[in-house]
1. Before rounding to the nearest 500, sum -39500 (n - 2.57) across all DSSP H runs of length at least 4 in the chain and divide by the residue total; then give [θ] at 222 nm in deg cm²/dmol.
2. So if I restrict to the alpha-carbon atoms in the chain, what is the Rg, and what is Dmax, the biggest pairwise distance, in Å?
3. Using only the alpha-carbon atoms, how far is helix 2-22 inclined from the longest principal axis of the chain? Give it as 0 to 90 degrees, nearest 10.
4. How far is it, in nm, from the label point at residue 195 to the one at residue 52 when both lie 7 Å from their Cα along the line to the Cβ?
5. Which of the peptides 191-199, 86-94 is most tightly packed, and how do the rest follow, judged by the mean count of other Cβ atoms within 10 Å per residue?
6. Note the angle between two axes, namely the Cα long axis of helix 175-191 and the longest principal axis of the Cα atoms of the chain, as a number of degrees from 0 to 90, rounded to the nearest 10.
7. Could you identify which residue out of 124, 97, 61 has the top mean-square fluctuation in a GNM of the chain using Cα springs shorter than 10 Å?
8. Please find the FRET efficiency linking residue 23 to residue 43, where r is the Cβ-Cβ separation and R0 is fixed at 30 Å, and quote it to the nearest 0.05.
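Values quoted throughout were computed directly from the atomic coordinates according to the rules given, and no laboratory measurement underlies them. Values in this document were obtained by computation on a predicted structure and should not be read as measured data. Glycine gets a Cβ as well: all are built from the backbone with ideal geometry, and neighbour counts include every protein chain shown.
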Ligand SMILES: [Zn+2]
């Protein structure tokens, strides 16, 4: 019984938080309004400020709020299990190498906006999972522990699952770079009008081909 009441309480709380997030901009503005009223009460009405200071302060508040709401919403979306995100992961194949990726976040939300110069590896991982070995009977995640580069772990040439040589290289490529090239290629495809959607997307010319070649 006690547990049931607790559970109901949790459900109600979740619902309220969910609604607040849905109307997050309004909620944040109302909160600012409330704070402003309290401050005004405490300070009184004798403080005067030039108009531009007030305008700049308001603009700053709006920008800060918008950024906060963006990250809040994103964190909330990512904290949901993949199955509840209302998004079917999109398989991505490589035209030249036997490797595959999976788009795990709705490309509509990031394909145009993500900036690869500043996006972190930990963020890109939430967009594009992989790479995997794309061979019959094998979909093993490729190992990222070979000869680490200056910029972190590098991809190994052989599949850790079946031992097959997946690519050959003269320079072990950093995993983060390979992933960012794959994302860049998806962005390029989207720009030229290729639909980034289920059931599959094929990478036509990712820059990582400069260092990764198919085994002979
Ligand atoms: Zn394999």
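1. -14500 deg cm²/dmol
2. 24.0, 81
3. 90
4. Those two pseudo-labels are separated by 5.2 nm.
5. Peptide ranking by packing, descending: 86-94, 191-199.
6. The two axes meet at around 80 degrees.
7. 61
8. Approximately 0.55, to the nearest 0.05.
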